[in-house]
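Let me begin by presenting the structure, written as structure tokens, before commenting on it.
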Amino acid sequence: MTDIPAKLSFATGEGGQLAGGASVAGRMSAARSAAGAAPLLDVRDLSTAFLTSNGELPITRQISFSIRAGERVGLVGESGCGKSVTGLSLMRLLPPQTARVTGEARLAGQDLMTLSPRQMRAVRGRDVAMIFQEPMSALDPVFTVGEQIAEAYRVHFPVSRAEARQRAIAALAEVGIPAPERRYDEYPQQLSGGMRQRVMIAMALICEPKLIIADEPTTALDVTIQAQITDLLRSLSERTGAALIFITHDLGVVAETCTRMITMYAGEIVEDAPVDDALTRPRHPYTSGLLRSLPGLSARRGVLPSIPGRVPAPGRMPDGCRFRERCGYAIAGCEAAQALLPMAADHVARCWRARDLWLPGSVDDMAAGSPVAHNLAAATGEIRP
């Protein structure tokens, strides 16, 4: 029989392949395992394609990364880079009639991609849970929020309706919802956006999963509520030991919430690094471009920088580096296929020039005369390299 969590332990508050056949991501995972920190989630060559009348349309390609228990990883990039598709693929929520997912995703040693639909239903919610971007679409308007949370608990544990109700009320209280007994009997449309998102977090956490995938959970919220939700997710991860994949456009949120940052572009991982390294010493021009476009992290002089162009559409991906048509550092050679290259033991980047470039990150690296400032000026045409 499945063990029932004895006590809710949520937080309170408001707030590519190399020579030899082994991928860099695999070597990073092996290094962590050797250090006594075996990955909770180990993703290998995860690729997703949508099935159309004209054949398969590749969306993501050979996504590989690993996450340890308690680690908080930010998955960042522009819209259309494949972040949400990656999350949905891990959860096995894409309909098999219209999507084909290949590769491995091992959660505590169990490959989620090989489970039957029945076996996956037993894992989904219990061992891995997802917080969706828009709670009003994810919550059922004909059931009270309490009933929906309690149902998520009863699916995995053999408890009575009364006990499930008490668990749901406790979960609502633990995510900072006032008067949880009254809110239990209210419908989603009776709650504010922030309240609904807290309900989604309570539903995701009530079974104490090992891994939480949060898909842009603060997009539709105002700035104050955004801060409360991100603080809540961080404290919950710290207290419960749950790993967190935080899918977002907001690098500021990643800086405050996450311990690692994975940058995706055009369906590929282009950089994977500890968050401090990624923010202050990015090794891929795309990560650097995202940082420079943030008012709080870019140099406060002149026009706010931006990345020209847009993410290429699926089925129209350029050969070689997929970012080269938008990259100020592109030269002859960038049309060749790019592999993830190791920059350090826990830092990889998909750029063959990564070891030679000094790319701007946070404003602290933008001092006049620094290698970063000189390289940026060369890339933007202010001086010749």
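The values are calculated or read from the model by the stated rules, or taken from the named source; none is laboratory data. Here the structure is a predicted model, which is why all the values come from computation and not from measurement. Don't worry about glycine lacking a Cβ; one is built from the backbone with ideal geometry, like all the others, and counts go over all protein chains shown. Heads up: the accessible areas ignore ligands, DNA and RNA and are worked out on the full protein's heavy atoms, side chains in. Shrake-Rupley method; radii C 1.70, N 1.55, O 1.52, S 1.80 Å.
The residue that is surrounded by the fewest Cβ atoms within 10 Å (Cβ to Cβ), among those in segment 144-160 that are among the hydroxyl-bearing types (S, T, Y) and part of a loop (DSSP other than H, G, I, E, B), is S160. Against the list (1) open to solvent by 50 Å² or more (accessible area, probe 1.4 Å); (2) of a type outside the set (K, R); (3) in contact with a helix residue (DSSP H, G or I) (Cβ under 7 Å, 6 or more places away or on another chain); (4) part of a helix (DSSP H, G or I), the condition P141 fails is (4). Every test in (1) at pLDDT 95 or above; (2) assigned to a loop (DSSP other than H, G, I, E, B) is passed by I177 save one, and that test is (1). Of all the residues in segment 199-227, those that are surrounded by 24 or more Cβ atoms within 10 Å (Cβ to Cβ), in a loop (DSSP other than H, G, I, E, B) and either touching a Gly at 6+ places or on another chain (Cβ under 6 Å) or modelled with pLDDT of 90 or more (or both) number 1. When the strands (runs of 3 or more DSSP E) confined to segment 52-134 are screened for residues that are open to solvent by less than 40 Å² (accessible area, probe 1.4 Å), polar (S, T, N, Q) and within 23 Å of V275 (Cα to Cα), those reaching at least 2 such residues are found at 55-67. Residues in segment 316-345 that are hydroxyl-bearing (S, T, Y) and either open to solvent by 40 Å² or more (accessible area, probe 1.4 Å) or more than 23 Å from D277 (Cα to Cα) (or both): none.
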